Structure formats: structure tokens, C-alpha cells
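First comes the structure, then the notes that go with it.
The values are calculated or read from the model by the stated rules, or taken from the named source; none is laboratory data. What you see is a predicted model; the values in this text were computed from it and never measured. Quick reminder, even Gly has a Cβ in these numbers, built from the backbone with ideal geometry, and neighbours come from all protein chains shown. Accessible surface is based on the protein model in full, side chains and every heavy atom, while ligands, DNA and RNA are left aside. Shrake-Rupley method; radii C 1.70, N 1.55, O 1.52, S 1.80 Å.
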Amino acid sequence: MDSKKDIRILAYESSCDETSTSVVKNGREVESLIVATQIKSHQRFGGVVPEVASRHHIEVISQITKEALQKANATWNDIDAIAVTYGPGLVGALLIGVSAAKAASMATGIPLIGVDHIMGHIMAAQLTAEIEYPALALQVSGGHTEIVLLKDPTHFEIVGDTRDDAAGEAYDKIGRVLGVNYPAGKTIDEWAHQGNDTFHFPRAMMEDDDYDFSFSGLKSAFINTCHHADQIHQELNKFDLAASFQAAVVDVLAHKTIRAIKQYQPRTFIMGGGVAANRGLRERMEEEIANLPHNIKPKVILPDLKLCGDNAAMIGAAAYNLYQDHQFADLTLNADPSLELPYADSMLN
């Protein structure tokens, strides 16, 4: 391949409740990004309904493919590869994106690349600044909370994972108790900045030797506190509740991530996923890393807020690295809702 040639990738993302397409040049430049959100359709249910999500994907995916190409001033002849999220995610939702990408590849003869959704979230950082390897990522979203070691642009290993609820999932569940519409993370974050940590909720597994997380106990402690107050007709301050919950989440995430940085000494630290948009977490991680000794202080890349949620630009960024590594898919590519990045040997022992 001619390394000097610009590589344009048309990417698809449909793993959950956002349908997105994007044209990304050379893995760094977003020439177009279209996101058709479904949040309002799911809010009345308090969370994502898979069948509803799939139907919405079907309704818009052809139109936003055209829009992505038009906004990038591109035709199919300008596209070097078609990329698509094939897992993890909701199987019906994934199948819409995979089917669209395979159909486009078959019709045009353009090569197909399957992308891991989590790899995409992490590679959103590549759209913000150059990543120096090895790198370490804190991936925090509604379905995943992981610490991931990036050996190079295409070889990732999980060194820490959640044992139960993901951080974003816990935010949505406690949001329901507080009467906050799905998705609750942004509102809880805003309330947390107006309150104080007066409830001192548990910080599970914070002092354990591993890099794993658990947020189920925190969620239960929060819900029990609210239910007990209801039973005795006590009114609790919602801002203090939010601040106390967020302090417990951020304390654990920051503490374990900093320990991992000290052990692995990456050249770059990355945050990815929807919860990477959380102001409290971003501020805390920047503060903690700023206080590290100079010889182990990594470069910090926090993705633009618009790239923290599900979007196709991050898939295009990850796909560019796979393109350079000659990792292509064929028309047997299928949705894999349980797809996982590989675990480090230390987690398998």
C-alpha cells in the first residue's frame, strides 16, 4: 500500500441506541459525522429497548450513509474501506450496521473492516491528539468499565474489569431512584457539583491488589439509603446524594487507574466511553496525573465531549489502524454481542 495516499474510511456504528456514520481520513481527520440519536424514544421506558432501537436503526441507516458521504464531499470512489462495529452490543442493533456495511462492501467491492466497539471508544483519543505507545486507557461507559493496556494501535489487553455493574449503568440505575430521565449521567454530574459528599458511600475493592471494579454494592447502598428515608418520611438533599455517589465512583476509578499508571508507566493516558464526558472524573484524573513524578507522568488525551458517546468517527479511527495492519473482514462477518478484548495474562491466572 502507498503510505502517502490519503485513506478514507466510511464507518458505521449501531451497537445500541445511536445510529451513526462518518467519513474519517487517515485515522485522524473527521470529514463528516452523522449521529441519529434515539434517546427520546427510550426515555419513557427508563432505558434502551432493543427492538425499538433496531427499528430506528433500519429507518435511518440508508439516509445517514448518503449524508455522511455528501458532508465529506465524497463518493463511493473516494472510499478505501468500509468499517462497522460488530460487537459488543445489542445483537439486533449490531446486525443493522453489519448488514448495511456488508451490503455496501458487496455492491462496491470496497474492503470491509470489523471493529470492536470498545477499541473504537478508546481510539476516539486518536481524533484529538497523537497517541504515543504503550498507552493505558480507562474505558468507562454504560456497559463497560475497564483499564486497558495498548501495546500498539491494534493490540489491546484488559488489565482491569468490572465484576458486576459498569459505572455508567450504576449512574442510570440511581438516576431512576432520583427521578432523573435516562440517560442520567450528565444530570447526576451537574448535581454533584452543587452538593457535598455527606453520605460517605462504600468504595468497593479500592484497596484490592487487582485493577477490577465493583459498583453493585455502591448502587445498593445508595438505593437503600433513599428507600429508608422514604419510609421514615425524611427528605434527602438530591445534590448531596449525587455528590456522594459520584465521589465514591470517582475515588475508585482514579485510585486504581493511578496505580495502573505507576505499574505500567505508559507514555499516554486515555479516557474513553460515555462516562469519560463526566466533568468530575475528567478533573480528578487530570489533577491526579499532574501530581505524578515527572519520570512516570504520561501524556493525557481526553476526547472531545461529542466523541465520548457512541459515534462512527471513533470506529473510523480504529479501522484505520486495522487497515494499516491488513486486518480485513469478509462477507461472513457477523454481529458478536459478547465480543471482548483479550485479557492480560495476569488476569487469567
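So here's what we get for this one:
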item: Residue within segment 209-225 that is more than 18 Å from LEU178 (Cα to Cα), assigned to a helix (DSSP H, G or I) and not aromatic (Phe, Trp, Tyr) present; result: no
item: Residue list for segment 294-312, restricted to those being open to solvent by less than 20 Å² (accessible area, probe 1.4 Å) and either farther than 16 Å from MET123 by Cα or out of contact with any helix residue (DSSP H, G or I) (no Cβ under 6 Å at 6 or more places or on another chain) (or both); result: PRO298, ASN311, ALA312
item: Top-ranked residue in segment 175-206 [being outside any loop (DSSP other than H, G, I, E, B) and of a type in the set (Val, Ile, Thr); ranked as surrounded by the most Cβ atoms within 10 Å (Cβ to Cβ)]; result: ILE188
item: Of all residues making up segment 51-77, the number that are open to solvent by 40 Å² or more (accessible area, probe 1.4 Å) and among the hydroxyl-bearing types (Ser, Thr, Tyr); result: 2
item: Residue match in segment 269-277 (condition: aliphatic (A, V, I, L, M), touching a residue at least 24 places away in the same chain (Cβ under 8 Å), open to solvent by less than 30 Å² (accessible area, probe 1.4 Å) and in a loop (DSSP other than H, G, I, E, B)); result: no
item: Of all residues in segment 141-161 being at pLDDT 95 or above and hydroxyl-bearing (Ser, Thr, Tyr), the one that is farthest from GLY120 (Cα to Cα); result: THR145
item: Subset of segment 83-126 (residues that are in a strand (DSSP E or B) and either of a type outside the set (A, V, I, L, M, F, W, C) or under 24 Å from GLY273 (Cβ atoms) (or both)); result: ALA83, VAL84, THR85, TYR86, GLY87, ILE113, GLY114, VAL115, ASP116
item: Residue within segment 313-323 that is under 15 Å from the mean Cα position of the chain (by Cα), more than 29 Å from PRO202 (Cα to Cα) and surrounded by fewer than 21 Cβ atoms within 10 Å (Cβ to Cβ) present; result: no
item: Count of residues meeting criterion [open to solvent by 10 Å² or more (accessible area, probe 1.4 Å) and either more than 17 Å from ALA254 (Cα to Cα) or part of a helix (DSSP H, G or I) (or both)] in segment 127-155; result: 15
item: Where a residue in segment 32-53 is without any contact (Cβ under 8 Å) to a residue 60 or more places away in the chain and its partner, wherever it lies, is open to solvent by 40 Å² or more (accessible area, probe 1.4 Å) and acidic (Asp, Glu), with Cβ under 9 Å and at least six apart; result: SER32/GLU67; ALA36/GLU59
